[in-house]
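> Have a look at the structure that comes next, please.
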Amino acid sequence: MKRLILAIALLATLPAAAQDLLVRNATVHTAGAAGTLKNHDVLVQGGVVRAVGTGLAAPAGATVVDAKGRPLTPGLFGGLTGLGIEEVSGEPSTVDGGLALGAMVPAHEGSSWRPEFDVDMAFNPHSAAIGVNRVEGITFTVLAPSALPGGSFVAGQGSAVLLDGRYDAALPGTRSLFVNLGSDSSPLSGGSRAGQWMLLEQAITEARSGQSDGLLTRAGRAAVAKYLGGGRVVFHVDRAADIRQVLAFAKKQGFTPVIAGGAEAWRVAAELKAANAVVLVDALANLPGNFDGLGSSLETAARLHRAGVRVGFSQRGDATHNARKQRQLAGNAVAHGLPWEAALAGLTSVPAQAFGLSQRGRIEVGQQADLVLWSGDPLELSTYAEQVWFEGRPASMRSRQTELRDRYLAPAGALPRAYPGRP
């Protein structure tokens, strides 16, 4: 019986055939040009939004949900995380997000630089951490490799993944190269951020020429070459001076830059706007943790938005296991001057567009129907997701945390079923 229950639970997380769905009487936050539409219906057929309007008729056999005025949003972005490649951060055998060859590479065999490292290969769609965040409205994330001691500040590659339980979750056209810059990465570049630019220039030279000067393998040169001339590169960087260097370097080499962190990005907002760069900020960053972020401010997102910079959100620290706290970041940005609609876009349409997901991130005709129905304002901490849909399919709203809650929650007048002595 236990095996049967487990099998059913696993099947509940797997993608099923697309279903017809009509959500009626919702406050539809489109995260697009239409803004917020009150008392509107959303019709989904074949996994795609087919109509947004009032008084829409339900096709035969469609599931009909009466939202009763509650908010409906696109599925939320989890940020740059290790969801699916990191199970327990304190247990190394369950963490697959970083490569640190270090002493494993003899000097005569070359460098430990491996930009060809691709974390997509380690993705596990049934990670417990995914379920915990999925039931709180997180439908997609970008897998971000880590720069580790013994490795390179060019951490590797990762893609956007859909968190609906499918094995082939990496979404086409979303792969990015990740580069960590600044003081935290200085030990990986000889102790100087100037060394980072020297090594990056060498890597580009090797990738363009196809010849090794001892930094990249053949596969590494091929990997870097794919990003020249328009490829997306995510730069983890905070200091304003370093961000300016990134923008100049990206323009010179033909990269499409995404800035992650950007604690001092507001100081160079005009340059970011001119470069059409997206900035993924941690809107809770206020007090600087190092000299790179002396200009940290709770108003960073608002200042960037006012300057015309596209702003999204991504956390630092325990971003993988707490991806669901993205809503807290966005709500905090609103409290410090960012318009509400821009904050929602920073959780949906902005990151979707930044990572090549043109058919996701908005509630518009033709978009994939990744939707979340909320109990109230989705940027309020007390609000919860009542139902999540992937391409019109309802997701299981159970997770490891809800199972533990139910296990130890005592019904009136009785011990919880987990306690000895209960019949």
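The values are calculated or read from the model by the stated rules, or taken from the named source; none is laboratory data. All values reported here derive from a predicted model rather than from experimental measurement. We place every Cβ from the backbone using ideal geometry, glycine too, and count neighbours over all the protein chains shown. The area values use the complete protein model at the heavy-atom level, side chains included, leaving out ligands, DNA and RNA. Shrake-Rupley method; radii C 1.70, N 1.55, O 1.52, S 1.80 Å.
> Being open to solvent by 10 Å² or more (accessible area, probe 1.4 Å), more than 28 Å from Asn276 (Cβ to Cβ) and not hydroxyl-bearing (Ser, Thr, Tyr): is that true of Arg193 here? Break it down into steps so the answer makes sense when it comes.
Values: open to solvent by 10 Å² or more (accessible area, probe 1.4 Å): yes; more than 28 Å from Asn276 (Cβ to Cβ): no; not hydroxyl-bearing (Ser, Thr, Tyr): yes.
Against the criterion (open to solvent by 10 Å² or more (accessible area, probe 1.4 Å), more than 28 Å from Asn276 (Cβ to Cβ) and not hydroxyl-bearing (Ser, Thr, Tyr)), Arg193 does not qualify.
> State which residue pairs qualify: first residue farther than 16 Å from Phe153 by Cα and open to solvent by 40 Å² or more (accessible area, probe 1.4 Å) and inside the range 91-103, second residue at pLDDT 95 or above and among the aliphatic types (A, V, I, L, M) in any location, beta carbons under 6 Å apart, and separation of 6 or more residues or different chains.
Close Cβ pairs (under 6 Å, with a partner that is at pLDDT 95 or above and among the aliphatic types (A, V, I, L, M)) amount to Asp96/Ile85; Asp96/Ala122.
> Something else: So Arg232 ticks every box in (1) modelled with pLDDT of 95 or more; (2) open to solvent by 20 Å² or more (accessible area, probe 1.4 Å); (3) of a type outside the set (Gly, Ala, Ser); (4) more than 14 Å from Arg175 (Cα to Cα) but one. Which box is left unticked?
(4)
> I want to confirm something. Restricting to the range 287-305 and keeping residues that are assigned to a loop (DSSP other than H, G, I, E, B) and under 13 Å from Trp266 (Cα atoms), which single residue is least open to solvent (accessible area, probe 1.4 Å)? Even if it seems obvious, please write down each step before you answer.
Of the range 287-305, the ones assigned to a loop (DSSP other than H, G, I, E, B) are 287-290, 294-299.
Now restrict to residues that are under 13 Å from Trp266 (Cα atoms): 294-299.
Numbers: Leu294: 106, Gly295: 5, Ser296: 23, Ser297: 21, Leu298: 45, Glu299: 75 Å².
The qualifying residue least open to solvent (accessible area, probe 1.4 Å) is Gly295.
> Quick check on the range 139-152: of everything there that is more than 20 Å from the chain's Cα centre (by Cα) and surrounded by fewer than 24 Cβ atoms within 10 Å (Cβ to Cβ), which residue is nearest to Asp96 (Cα to Cα)? Let's see the steps before the verdict.
We begin by selecting, within the range 139-152, every residue more than 20 Å from the chain's Cα centre (by Cα); these are 148-152.
Restricting the remaining residues to those that are surrounded by fewer than 24 Cβ atoms within 10 Å (Cβ to Cβ) gives 148-151.
Details: Leu148: 12, Pro149: 15, Gly150: 15, Gly151: 14 Å.
The residue in question is Leu148.
> For the range 111-228, which fully contained helices (runs of 4 or more DSSP H) count at least 1 residues that are polar (S, T, N, Q)?
Values: elements: 128-134, 193-209, 218-225.
Output list reads 128-134, 193-209.
> Conditions first: (1) of a type in the set (Gly, Ala, Ser); (2) farther than 15 Å from Leu373 by Cβ; (3) surrounded by 15 or more Cβ atoms within 10 Å (Cβ to Cβ); (4) under 28 Å from the mean Cα position of the chain (by Cα). Ala67 passes all but one, so which condition is the exception?
(2)
> For Leu43, are the conditions met, namely being modelled with pLDDT of 95 or more and hydrophobic (A, V, I, L, M, F, W, C)?
Working: modelled with pLDDT of 95 or more: yes; hydrophobic (A, V, I, L, M, F, W, C): yes.
Answer is yes for this residue.
> For the range 240-278, give me the residue count where each residue is over 22 Å from Thr81 (Cα atoms) and either of a type in the set (Asp, Glu) or open to solvent by 30 Å² or more (accessible area, probe 1.4 Å) (or both).
Total meeting the criteria: 15.
> Does the range 256-275 contain at least one residue that is part of a loop (DSSP other than H, G, I, E, B), among the acidic types (Asp, Glu) and at pLDDT 95 or above? Steps first, please.
Of the residues in the range 256-275, the ones part of a loop (DSSP other than H, G, I, E, B) are 262-264, 275.
If we keep only those that are among the acidic types (Asp, Glu) too, we end up with 264.
Checking which are at pLDDT 95 or above leaves us with 264.
Looking through the range 256-275, at least one residue is part of a loop (DSSP other than H, G, I, E, B), among the acidic types (Asp, Glu) and at pLDDT 95 or above.
> Of everything in the range 327-382 that's aromatic (Phe, Trp, Tyr) and over 15 Å from Val278 (Cβ atoms), which residue is least open to solvent (accessible area, probe 1.4 Å)?
Filtering the range 327-382 for residues aromatic (Phe, Trp, Tyr) gives 340, 355, 374.
Checking the rest, the ones that are also over 15 Å from Val278 (Cβ atoms) come to 340, 374.
Details: Trp340: 62, Trp374: 1 Å².
Ranking the qualifying residues of the range 327-382, first place goes to Trp374.
Yes/no per residue for (1) at pLDDT 95 or above; (2) at negative phi; (3) within 21 Å of the chain's Cα centre (by Cα):
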{"site": "Val365", "(1), (2), (3)": "yes, yes, no"}
{"site": "Asp370", "(1), (2), (3)": "yes, yes, yes"}
{"site": "Ser375", "(1), (2), (3)": "yes, yes, no"}
{"site": "Asp406", "(1), (2), (3)": "no, yes, no"}
{"site": "Leu415", "(1), (2), (3)": "no, yes, no"}
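> Just for the range 216-229: of the residues that are within 26 Å of Ala241 (Cα to Cα) and among the hydrophobic types (A, V, I, L, M, F, W, C), which one is most open to solvent (accessible area, probe 1.4 Å)? Steps first, please.
To start, the set of residues in the range 216-229 that are within 26 Å of Ala241 (Cα to Cα) comprises 224, 227-229.
The next check asks that each one be among the hydrophobic types (A, V, I, L, M, F, W, C); those that pass are 224, 228.
Values: Val224: 9, Leu228: 33 Å².
Ranking the qualifying residues of the range 216-229, first place goes to Leu228.
> Condition first: among the charged types (D, E, K, R), more than 21 Å from the chain's Cα centre (by Cα) and either surrounded by 16 or more Cβ atoms within 10 Å (Cβ to Cβ) or at pLDDT 95 or above (or both). Can you find one or more residues in the range 315-326 that meet it?
Looking for residues that are among the charged types (D, E, K, R), more than 21 Å from the chain's Cα centre (by Cα) and either surrounded by 16 or more Cβ atoms within 10 Å (Cβ to Cβ) or at pLDDT 95 or above (or both), one finds none in the range 315-326, hence no.
> While we're here: Which residues, taken from the range 383-395, are surrounded by 17 or more Cβ atoms within 10 Å (Cβ to Cβ) and aromatic (Phe, Trp, Tyr)?
Once the filter is applied, which keeps residues that are surrounded by 17 or more Cβ atoms within 10 Å (Cβ to Cβ) and aromatic (Phe, Trp, Tyr), the range 383-395 yields Trp389, Phe390.
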